[in-house]
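So the structure is just underneath, and the comments pick up after that.
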Amino acid sequence: MAATIKICLDAGHGMNTPGKRCNKNIDPNETREWYLNQRIVSKLQEKLKGYKVEVIRVDDPSGSQDIPLKTRTDIANMEKCNLYISFHHDAGANCTDAGGISVFTYDNRESLTKLRKMIYKSLVGHGGLTGRSTPLRTADFHVLRETSMDAVLVEHGFMDSTKDTPVILNESYADSMADGWLSFLVEYFNLEQVSGKPQAISGQLSGNVSTMYYVQCGAFKDKKNAEKLVKDLKSKGFEAIIKE
């Protein structure tokens, strides 16, 4: 039996990360980047339930805290994921009509160059946001450098662009991005559809709240791996337990 494909999803920054929001001159609500990232990821998670794939979520879906980047990549590496995807929205258009989607990888290896092109083609084909002169790029980002699997970081449009911002705020755009990602993943990994019980979503972290919750941050067959993750989380200041 073929090994299960594992996709790691990372919805970028937390809700209250300083500066990560839409420009007030274009969006009076100053919508947080976390909301835009999370919306696409959540829609994609739902769509992937119908396929033979395991989804590992390494950010905090509530947005209440920024999970350290090292914790995110450590989880992905321990889970031996096949692809790490970091979801973001960009800034730097300075209230002009500049913008567009851009796809980053760590270097220009042939496999990563192919990956960038396929992702960009699928996302632009579904959502239509173009404009950046160099949309396929390399960068020394932690999530690209410290992952043992292929990894991409994608900016799904600009939060301070007079062209992009009205588009990325729309629910329909998030739907189109989730469809674009699904189309790419199905083609790239030749994913098979499943019937019956949806695939489980693992690796979800929750924020600090007044009620005590059990938090799943990965599932391991070897208890030593679970103990290692608990130790790492506690060293970062997070409460963690092992629960069968």
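The values are calculated or read from the model by the stated rules, or taken from the named source; none is laboratory data. Since the structure is predicted, the reported quantities are computational estimates derived from the model, not experimental observations. Cβ atoms come from the backbone with ideal geometry, glycine included; neighbour counts cover every protein chain shown. To get the accessible areas, we keep the full protein, side chains included, count just its heavy atoms, and leave off ligands, DNA and RNA. Shrake-Rupley method; radii C 1.70, N 1.55, O 1.52, S 1.80 Å.
If the chain between SER62 and ASP27 were fully stretched, how many nm would it gain, using 0.36 nm times the residue separation less the Cα-Cα distance?
On the way: separation 35, 0.36 × 35 = 12.60 nm, distance 2.23 nm.
Extra length from SER62 to ASP27 when fully extended: 10.4 nm.
Which of the three applies to the range 8-136, rounded, prolate or oblate, going by the alpha-carbon gyration tensor with a ≥ b ≥ c and a/c under 1.5 meaning rounded?
oblate
Rounded to whole numbers, the Karplus 3J(HN,Hα) couplings from phi for the range 88-97 are 9, 10, 9, 8, x, 6, 6, 6, 10, 8 Hz, using 6.51 cos²θ - 1.76 cosθ + 1.60 with θ = phi - 60°, and x at Gly and Pro.
For LEU69 and ASN225 in one chain, what is 0.36 nm times their gap in residues minus the Cα-Cα distance, to one decimal in nm? Kindly include the intermediate steps, with their values, before the conclusion.
Numbers: separation 156, 0.36 × 156 = 56.16 nm, distance 1.87 nm.
Contour length minus Cα-Cα distance gives 54.3 nm.
Within the range 88-173, what whole-number % of the accessible surface is contributed by carbon and sulfur, with the 1.4 Å probe and all protein chains included in the calculation? Before the final figure, lay out the partial values.
Details: 1840 of 3810 Å².
C and S fraction of accessible area: 48 percent.
Per residue, the solvent-accessible area of the range 1-142 (1.4 Å probe, heavy atoms of protein chains only, all protein chains present) comes to 44 Å². Looking only at the range 15-43, which residues have a backbone nitrogen under 20 Å from a spot 7 Å from the Cα of ASP175 in the C-beta direction? Counting backbone N atoms under 20 Å from the label point, the list is 35-43. The length gained by stretching the chain between ASN190 and ALA3 to full extension, at 0.36 nm per residue less their Cα-Cα distance, is 66.1 nm.
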